Amino acid sequence: DGTEPSHMHYENDENYFRGYEWWLMKEAKKRNPKIKLIGLPWTFPGWIGKGENWPYDYPDVTAYYIISWILGAKQYHDLDIDYVGIWNERAFNSKYIKLLRYTLDKHNLQQVRIIASDRLWEPISLVLRLDSELDGAVDVIGAHYPGTKTVPDALLTKKKLWSSEDYSTFNDDIGAGCWARILNQNYVNGNMTSTIAWNLVASYYEELPFGRCGLMTAQEPWSGHYKVESPIWITAHTTQFTQPGWSYLQVDGHLKGGGSFVALTDGLGNLTIIIETMTHNHSQCIRPPLPRFSVTPQRATFYLKGSFHLVETLQVWHSRLGFEYGNSSLFQQLPPVNVWKGSFSLDLNVDEVYTLTTLKTGQKCRCPEPPPSQPFPSNYKDDFNIRNPPFSEAPNFADQTGVFEYFVNSSDPGDHVFTLRQVVLQRPITWASDADQTISIIGNFQWVNMTVTCDIYIEKQRDGGVFVAGRVDNGGIYVRRTKGVFFWVFADGTYRVTGDLAGEEILMKGLSGVRSNVWHTLTLNIQGNSASGLLNGYPLWENVTISSPSNGWAAIGAHSFEFAQFDNFHVE
């Protein structure tokens, strides 16, 4: 639901301090040093394709780009990347995968393993069986949204099978039910030993296409409000009592009355059993469609054999998703279960999760209440005057195409030394349908009447241009169809008012006298069904009728992938 800045915007550019991912990886490692780090390209900078929307024509260039990122992670952040993927949900190329493995090895990165191909089980599984060199290069077959099922070819490779992207579901109790079910059944039905949720935390504007499709919600940086949603506690049932490197026991995990269980061990005598009894209507994920099945209350008896026969008690953690009454009980510790001569029984109701474990380390934090929820400030300013910003991008701006970064104008006489600059100069090798324009949104989607003011600086001569906008209604994978009220000025001295980002619905146009490489101030005022625009404080156009959209964010952006600067942003 937005763009991320690359470590290499241009061929001769390297910067390992952009974006939030380095910070996020370091924070994760602080909490659990055993956590695994994976890199997967969704998109590549345009220079890699040398003009083509394809990353495999110059495989050595693409491999160099990926390996630079892995080496930078280590050099600048002391982060060890464990796995790397090929191209998210797009075609793979066998020659490139082999070259990537060769290049990793050449740079002493033998421990970095390759996942392929983050799409479907086929054709990658079949190709691995037919190509022994490729088979040697790939460690893990990763499939997306497998619906808990795998295919014979994948099993025949004898490789680790992962659901390398899953969940993607609204994080209410049904989302928690989806997550509980697939965390178990991806192994029980499909032999998958890893399930990765897209996404970790919903920290982006909720009205974007995949609003709240994270395990928890933290989408108000201006208030500090967040919510630990039920999928987090479903996660805890597995992740507090296992670690990467534990092994699944090869048992049939289907329960007679419906539902499933898995059992894992660290190989040192510890045992963790996770049981789920999610019903069909309370565990549907966003994709794929879920075939009907039934779950009924049942008594289940478990028999511990081998070395586990000696286990005498198991700690118990329990969740019940309370759909009928709306009072869920999440991750509560219950009295331990006594194991009698290697067996114990449990009465299972529907929509429950149990963890039974030899580990005594489980905990549910008693955390202070987060600050109360508040809407985005109705009067918001940013002059971007920050000498050593902790992040490369300004807070609250959400780039939807292009990248907007803090910039220091060392040649400026003083008013505009610190600015925000759009820095992507070529359309990327895209994953989704990025716009042809660059855009960053900000504010409250419910806003109706607003005044947006911003100083702008066009850097591209002749056909360069920039805009400020209001009532912006879309982003993410739908950014190309974004509507709103867009006030454009161009380096050729013209202006336009359009009802869309693409610039096809022209509401007004004329001459402005704006030129490139000069600072100007744009003001867009939207009241009811009428809009007006000012240039440098003087009216340029007024009384333009606005029919739709009726509300939306504010935004800034440029006419293409071009350098452009913004300063003294103000929305009211």
Item to check | Verdict on SER94 being in contact (Cβ under 8 Å) with a residue 40 or more places away in the chain, touching a Leu at 6+ places or on another chain (Cβ under 6 Å) and over 19 Å from PRO288 (Cα atoms) | outcome: yes
Checklist entry - Got a number for residues in the range 48-76 being open to solvent by 20 Å² or more (accessible area, probe 1.4 Å), more than 22 Å from LYS26 (Cα to Cα), touching a residue at least 40 places away in the same chain (Cβ under 8 Å) and not in a loop (DSSP other than H, G, I, E, B)? => result 1
Checklist outcome for this item: How many residues of the range 417-433 are farther than 29 Å from ASN88 by Cβ and either small (Gly, Ala, Ser) or surrounded by fewer than 19 Cβ atoms within 10 Å (Cβ to Cβ) (or both)? The answer is 2
Checklist entry - Does any residue of the range 341-349 turn out to be touching a residue at least 24 places away in the same chain (Cβ under 8 Å), of a type outside the set (Phe, Trp, Tyr), surrounded by 11 or more Cβ atoms within 10 Å (Cβ to Cβ) and not in a strand (DSSP E or B)? => result yes
Item to check | Selection within the range 483-506 - part of a loop (DSSP other than H, G, I, E, B) and either charged (D, E, K, R) or buried (at least 20 other Cβ atoms within 10 Å of the Cβ) (or both) | outcome: ALA491, ASP492, LEU501, GLU504, GLU505
Checklist outcome for this item: Matching residues in the range 272-288 (in a loop (DSSP other than H, G, I, E, B) and either farther than 24 Å from LEU215 by Cβ or without any contact (Cβ under 8 Å) to a residue 40 or more places away in the chain (or both)) number 0
Item to check | Hits in the range 507-523 - residues which are part of a strand (DSSP E or B) and either not assigned by the TED database to the domain that holds VAL466 or not small (Gly, Ala, Ser) (or both) | outcome: LEU507, MET508, LYS509, LEU511, TRP519, HIS520, THR521, LEU522, THR523
Item to check | Output for the range 77-93, where each listed residue is part of a loop (DSSP other than H, G, I, E, B) and closer than 18 Å to GLU27 by Cα | outcome: ASP78, LEU79, ASP80, ILE81, ASP82
Next on the checklist: Take the residues in the range 434-470 that are outside any loop (DSSP other than H, G, I, E, B) and open to solvent by 10 Å² or more (accessible area, probe 1.4 Å); name whichever of them is farthest from ALA531 (Cα to Cα).
Outcome noted: TYR457
Item to check | Top-ranked residue of the range 288-326 - restricted to ones that are within 30 Å of THR150 (Cβ to Cβ) and small (Gly, Ala, Ser), ranked as surrounded by the most Cβ atoms within 10 Å (Cβ to Cβ) | outcome: SER319
Checklist outcome for this item: Of (1) in contact (Cβ under 8 Å) with a residue 60 or more places away in the chain; (2) within 22 Å of ALA394 (Cβ to Cβ), LYS483 satisfies every one except (2)
Checklist outcome for this item: Within the range 175-200, residues being within 20 Å of the chain's Cα centre (by Cα) and open to solvent by 40 Å² or more (accessible area, probe 1.4 Å) number 3
Checklist entry - When you look at ASP80, is it open to solvent by less than 50 Å² (accessible area, probe 1.4 Å) and not assigned by the TED database to the domain that holds VAL424, yes or no? => result no
Next on the checklist: So, GLY85, is that one in the same structural domain as TRP54 (by the TED database), touching a residue at least 12 places away in the same chain (Cβ under 8 Å) and surrounded by 19 or more Cβ atoms within 10 Å (Cβ to Cβ) or not?
Outcome noted: yes
Next on the checklist: So, in the range 350-390, exactly how many residues are surrounded by 12 or more Cβ atoms within 10 Å (Cβ to Cβ) and assigned to a strand (DSSP E or B)?
Outcome noted: 8
Checklist outcome for this item: Apart from one, (1) touching a residue at least 24 places away in the same chain (Cβ under 8 Å); (2) surrounded by 12 or more Cβ atoms within 10 Å (Cβ to Cβ); (3) not polar (S, T, N, Q) all hold for GLY269; the odd one out is (2)
Next on the checklist: Considering only residues that are under 23 Å from ILE114 (Cβ atoms), open to solvent by less than 30 Å² (accessible area, probe 1.4 Å) and either assigned to a helix (DSSP H, G or I) or free of Cβ contacts under 8 Å to residues at least 60 places away in the same chain (or both), which ones fall in the range 29-47?
Outcome noted: LEU37, GLY39, PRO41
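The values are calculated or read from the model by the stated rules, or taken from the named source; none is laboratory data. As the structure is a prediction and not an experimental result, all values here were calculated from the model. For neighbour counting, all protein chains shown are included, and Cβ atoms are generated from backbone atoms with ideal geometry for every residue, glycine included. In case anyone asks, the SASA skips ligands and DNA or RNA and just uses the protein heavy atoms, side chains included. Shrake-Rupley method; radii C 1.70, N 1.55, O 1.52, S 1.80 Å.
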